[in-house]
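K.L.:
Dumping the structure here so I can ask a few things about it.
The values are calculated or read from the model by the stated rules, or taken from the named source; none is laboratory data. Just so you know, these numbers come straight off a predicted model, no measurement behind them. Cβ coordinates were reconstructed from backbone atoms using ideal geometry, including for glycine residues, and neighbour counts include every protein chain displayed. Just the protein is used for accessible areas: all its heavy atoms, side chains included, with ligands, DNA and RNA removed. Shrake-Rupley method; radii C 1.70, N 1.55, O 1.52, S 1.80 Å.
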Amino acid sequence: MKKAAALGTLLKSRREKTPYKVNFAITFQCTSRCTTCNIWKKYKEEPTLRERELPLQEIEAFFKKLPPTILWLSLTGGDPFLREDLPEIVAAAVGSLPSLQVISIPSNGLLEEKIASAVEKAMALDPLPEVYLTFSLDGPPEVHDAIRGVKGAYGRTWQTYNRIKKLTASDKRFHIGLETTLSRLNVDSAEPFLRELIAQGHDVTLTIAHNADLYGNQEEGELLPVGDAKKISAILEAVTESLSKRKPEEL
């Protein structure tokens, strides 16, 4: 990342009160059946929503209307890799956002071939900012599969993750990691699971499950058991300890 340019843009963002990051859900399509998120139900319950997904031309027009202080674009969903034109969306962002330095894309990792194909196309883009791809693993196989609602999901995601790491190993623009969403369903297993991943050298992102209109889970009740403060503190400690071992220039 070009740190001097990023700092200048951040200062401009603060001065002009414009955003530096955009979270953009490009699809509600999803092959998971998560118990903490109901995005996957949206098109099933209202099929016309699928027809109203923004086409590439309108997405590009949206990018062009964003302020020039956008440094970070998060393309989310659903699973963004279910958009056949994902590489073209990335290219449109690069061409429309002059200060863009980071693109992040989360995935459940279930569609290995589709993901590998999209990543290969993205690798051919030049210029291209730093790209952070994270694949969801919420715990050991039995925990992950139960949360994601797909039998064998853990193994499929793990295989995709390793394939994409190998595919992008020689391209320093790509950063491949794992992402765990903490909820009441994995609070008991998360700490040892995360510590093992970190000890093995994997980059891990921790996300906290929460209620939001995007996820359609406002009626799901408490997603994170706040009463388990000791467990949650131990989980956070496991993740933050790994950060403290890195040099500042690596963060």
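K.L.:
For the range 2-45, give me the residue count where each residue is farther than 15 Å from LEU100 by Cβ and in contact (Cβ under 8 Å) with a residue 40 or more places away in the chain.
P.N.:
Number of matching residues: 18.
K.L.:
Taking the options GLY201, GLY152, name whichever one is within 15 Å of GLU112 (Cβ to Cβ), free of Cβ contacts under 8 Å to residues at least 12 places away in the same chain and open to solvent by less than 60 Å² (accessible area, probe 1.4 Å).
P.N.:
GLY152
K.L.:
Being of a type in the set (Val, Ile, Thr), open to solvent by 50 Å² or more (accessible area, probe 1.4 Å) and within 20 Å of LEU214 (Cα to Cα) narrows it down to one of THR27, THR35, so name that one.
P.N.:
It is THR35.
K.L.:
Name the residue that is most open to solvent (accessible area, probe 1.4 Å), counting only residues in the range 50-77 that are in a helix (DSSP H, G or I) and of a type in the set (D, E, K, R).
P.N.:
Ranking the candidates gives LYS65 first.
K.L.:
With the requirement that a residue be without any contact (Cβ under 8 Å) to a residue 60 or more places away in the chain, in a helix (DSSP H, G or I) and open to solvent by less than 50 Å² (accessible area, probe 1.4 Å), what does the range 78-93 give you?
P.N.:
PRO80, PHE81, LEU82, PRO87, VAL90, ALA91, ALA92, ALA93
K.L.:
Let me ask something additional. Which number in (1) polar (S, T, N, Q); (2) open to solvent by 10 Å² or more (accessible area, probe 1.4 Å); (3) within 14 Å of THR27 (Cβ to Cβ) marks the one condition that GLN101 misses?
P.N.:
Just one mismatch for GLN101, condition (3).
K.L.:
Of all the residues that make up the range 155-182, how many are part of a loop (DSSP other than H, G, I, E, B) and surrounded by fewer than 19 Cβ atoms within 10 Å (Cβ to Cβ)?
P.N.:
Initially, the range 155-182 is screened for residues part of a loop (DSSP other than H, G, I, E, B), giving 168-173.
Still in the running and surrounded by fewer than 19 Cβ atoms within 10 Å (Cβ to Cβ): 169-173.
Within the range 155-182, residues that are part of a loop (DSSP other than H, G, I, E, B) and surrounded by fewer than 19 Cβ atoms within 10 Å (Cβ to Cβ) number 5.
K.L.:
On to the next question. Looking at (1) part of a helix (DSSP H, G or I); (2) open to solvent by less than 70 Å² (accessible area, probe 1.4 Å), find the lone condition where VAL22 falls short.
P.N.:
(1)
K.L.:
Still on this structure: What about LYS121, is it basic (Lys, Arg) and under 20 Å from ALA153 (Cβ atoms)? Let's see the steps before the verdict.
P.N.:
Details: basic (Lys, Arg): yes; under 20 Å from ALA153 (Cβ atoms): no.
For LYS121, the condition - basic (Lys, Arg) and under 20 Å from ALA153 (Cβ atoms) - is not met.
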